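Take a look at the structure set out below.
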Amino acid sequence: MEPPMKLLQDDAEIDGLADIMVREGVKSYLEIGSKFGGSLLRVAERLPAGSRIVSVDLPKGTKAWVQSEAELKAVIAKLRLKGFDAHMIWGDSTAKSVIDQVRALGPFDAVFIDANHTLPYVEKDFSNYGPMARIVAFHDIAWCRAPEWVGTRIDVPEFWERIKTSGRRYAELKLCPTAKNNGIGVLWQG
Ligand SMILES: C[S@@+](CC[C@H](N)C(=O)[O-])C[C@H]1O[C@@H](n2cnc3c(N)ncnc32)[C@H](O)[C@@H]1O
């Protein structure tokens, strides 16, 4: 039996995102930040065979790189075998060469932004990839820590609170039992 794919998400939230993708008839899905490929596989497998699936990830972008590179490559291969038009683009999501490669495969029905969670990167990912998709989702909108927290910086909640009041339709999936992790925000562009 295959080992379960490592998923850096709350199960109910990522399934909720996939439900939205299915309801919206998504046939092309871009993911910025895939690590082991857990969310990529979980969402893609709910989409019609033949859907275009594009992942962007940063070589050596995680401490678990040796394992995450191998697992993400395996997810892309698995999706291809299942008949998906799956593509992997390695590089910094903010680099022009990466944006150009993604644009050449677009436009997309949906993009899920889950890479570098600091404000400058989230803003750039939104401004670079948001216009390529009619639905834009963000991970970690519900991340919440005490002010003295010294771990990885996650600015997505601040960004999301700003962007969700921009007059566009949006949905929030905040189902994580701890109430201080995860959270997915979905924004409709049109
Ligand atoms: C939180 S993990 C993604 C988890 C994945 N979406 C899931 O739920 O299974 C973040 C990923 O973003 C990648 N990343 C970080 N900064 C990046 C950047 N500037 N460009 C592209 N990928 C980046 C990291 O290498 C890492 O694999």
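The values are calculated or read from the model by the stated rules, or taken from the named source; none is laboratory data. The structure presented is a predicted model; accordingly, all values stated were derived computationally and were not measured. Note that we place each Cβ from the backbone using ideal geometry, even for glycine, and neighbour counts take in every protein chain shown. Remember, those area values only see protein heavy atoms, side chains included, never the ligands or the DNA or RNA. Shrake-Rupley method; radii C 1.70, N 1.55, O 1.52, S 1.80 Å.
Residues considered: I76, I141, I135, I113. Of these, the only one that is within 11 Å of the ligand (Cβ to nearest atom) and of a type outside the set (D, E) is I113. Looking only at residues of segment 13-30 that are open to solvent by 50 Å² or more (accessible area, probe 1.4 Å) and part of a helix (DSSP H, G or I), we find that the one that is farthest from the ligand (Cβ to nearest atom) is R23.
Of S93, S166, S97, all but one fail to be of a type in the set (S, T, Y) and touching a residue at least 24 places away in the same chain (Cβ under 8 Å); the exception is S93.
Based on this model, can you work out whether T165 counts as away from the ligand (no atom under 14 Å from the Cβ), more than 12 Å from I184 (Cα to Cα) and not hydrophobic (A, V, I, L, M, F, W, C)? So T165 fits the description; yes.
Filtered by the rule that a residue be modelled with pLDDT under 95 and over 10 Å from K82 (Cβ atoms), segment 45-62 gives G61, T62. Apart from one condition, Q101 fits all of (1) polar (S, T, N, Q); (2) touching a helix residue (DSSP H, G or I) at 6+ places or on another chain (Cβ under 7 Å); (3) assigned to a helix (DSSP H, G or I); the exception is (2). Scanning segment 31-54 for residues being within 12 Å of the ligand (Cβ to nearest atom) and either in contact with a Gly (Cβ under 7 Å, 6 or more places away or on another chain) or open to solvent by 20 Å² or more (accessible area, probe 1.4 Å) (or both) gives a total of 2. Of the residues making up segment 85-98, those that are surrounded by fewer than 21 Cβ atoms within 10 Å (Cβ to Cβ) and either more than 10 Å from the ligand (Cβ to nearest atom) or of a type in the set (V, I, T) (or both) are D85, H87, M88, I89, T94, K96, S97, V98.
Of the residues making up segment 118-166, those that are modelled with pLDDT of 90 or more, part of a loop (DSSP other than H, G, I, E, B) and either open to solvent by 70 Å² or more (accessible area, probe 1.4 Å) or not hydroxyl-bearing (S, T, Y) (or both) number 8. When segment 58-73 is limited to residues that are near the ligand (Cβ under 7 Å from one of its atoms) and open to solvent by 20 Å² or more (accessible area, probe 1.4 Å), the one that is farthest from I99 (Cα to Cα) turns out to be T62.
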